[in-house]
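To start, the structure under review is shown below, and the notes come after it.
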Ligand code: GDP
Ligand code: GDP
């Protein structure tokens, strides 16, 4: 249950932080966030380099306080980075040279225990690279001359940053190994299907390859009622508050007895910590980072929303992150007791409004509750546990291919120029989140809207309430391998699942 390492980008305005952020995050376009119309102020994202995944934060997007001076702003960014990051990229401008705001930030960053990488940006050419030498006076033994805009020097710096991160946790390594194994397995099943062999699998089952309790992150903006909900749940169930072994910072989980087993509410310290940090927009942004880390460690995110205030762009951000990270989602509309003039249609109207605001969350269940009166508070846990199960569910290859055949018969993929792409078959390669691999003659020609169509068909037929599902498209020749030519290795055990 380890958190992804965090790399924070710090620096005064205009040095190129968001340009660097976009380069690190790369071409991984945030489809879900486009739909939430929040792409521009995106400041957190998952990225990967040398096979290592991490979370990048552009602290410049933190908007400390509207009236703050540049110096105060950059110092505040530096403090957040020190508190939350595993590596810090301190961006300065090689074209503009050293400024007082840079010195202020450096002053704060000197006390960081995480490694600091001084990135002298806008070093677009060899002459500018020499200018970068000026920043040695800040006191770090090494500076990295880079051009975030053109990419120059960025790879070398990233190599060094990734090498300086805390060692990969067993969980991260296992996750990587699982993905690779799933890919291989999917290719083998494709061979079988191409050879006309129906893979023998049990009916739909919940994958138990990753045992352990259901982990839930309660997230949402300050004051929506997270700690009230936590207290209500703790009041209703047996609670055990436990520090997480192996974590350095003050992450504390709460375990609750639930049914036969237990659920874990992740990082409840972050929820109880209210008041200790700045209030206003700074606390908002700060709490977002905390929420993302909690989501990383959880199976399911419960996004708590204030019924009166409604859903904000920041909520959409957090939810978008959870979707990208493949986590389950429950939307919990709290303070339902405050909604005036309720009728039996109020809830449906509210849900309709949410569906329009965040169409990319159309698969997430919605519950209205009052943490104050306790009304439907336990329903939040029930839904989260249901979503957990959906997230680990598998559907057999035969059933999936019937869904695919039916979907294609109803509406074939649109032709690109004169050629119509062909989808041969599909298999569910993994769970948590459910991941489906589709084999096609020309995967790149399957249009985004058609991918959405297939996702909707799978959901119509097989559910998967509350969990994102992934559709991956792979190229495959139409030729059929010789029968028996491509069999699984000895044992034939199904990756991540039972085949007994
Ligand atoms: P931020 O305020 O620190 O996030 O800075 P931005 O990323 O918004 O960049 C500020 C300006 O510097 C923009 O006009 C960028 O195009 C430009 N810029 C960023 N990186 C480079 C670079 O490597 N070389 C050059 N020449 N310009 C850059
Ligand atoms: P957090 O910052 O998200 O942890 O929010 P809190 O749990 O501290 O709640 C913020 C305020 O909202 C407090 O004054 C709570 O008493 C109030 N509150 C929380 N849940 C409810 C609810 O369901 N109904 C009403 N009326 N007030 C609530």
Subject >> Estimated inter-spin distance, residue 356 and residue 181, nm [label 7 Å along Cα→Cβ] >> reply: 4.7
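Set the Förster radius R0 to 22 Å, insert the Cβ-Cβ distance between residue 50 and residue 125 as r into 1/(1 + (r/R0)^6), and round the FRET efficiency to 0.05.
Using R0 = 22 Å, I get an efficiency of 0.25.
Nearest 0.05, what FRET efficiency do residue 443 and residue 150 give at R0 = 35 Å with Cβ-Cβ as r?
Using R0 = 35 Å, I get an efficiency of 0.70.
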Original post:
Is region 384-450 best put as rounded, prolate or oblate by its Cα gyration tensor, with a ≥ b ≥ c the root eigenvalues, rounded for a/c under 1.5, and otherwise prolate when a/b is larger than b/c, oblate when not?
Top reply: prolate
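Ranking request for peptides 71-84, 451-464, 322-335: highest mean number of other beta-carbon atoms within 10 Å first, then the rest in descending order.
322-335, 71-84, 451-464
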**OP:** Sort the following peptides by mean Cβ neighbour count (other Cβ atoms within 10 Å, averaged over residues), highest first: 303-311, 89-97, 47-55.
**Re:** 89-97, 303-311, 47-55
**OP:** Treat each spin label as a single point 7 Å out from the Cα along the C-beta direction, and report the residue 163 to residue 475 distance in nm.
**Re:** 3.5
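Does region 320-450 come out rounded, prolate or oblate, given a ≥ b ≥ c as the square roots of the eigenvalues of its C-alpha gyration tensor, rounded meaning a/c under 1.5 and, failing that, prolate meaning a/b above b/c?
prolate
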Subject >> Additional length obtainable on full extension of the chain from residue 113 to residue 141, 0.36 nm per residue less Cα span >> reply: 8.5 nm
Original post:
What shape does region 66-136 take by its C-alpha gyration tensor, where a ≥ b ≥ c are the square roots of the eigenvalues and a/c under 1.5 counts as rounded, a/b above b/c as prolate, and the rest as oblate?
Top reply: oblate
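Coordinate-derived values only; no laboratory data. Nothing here was measured: the structure is a model prediction, and the numbers come from that model. Note: ideal-geometry Cβ built from the backbone for every residue, glycine included; neighbour counts use all protein chains shown.
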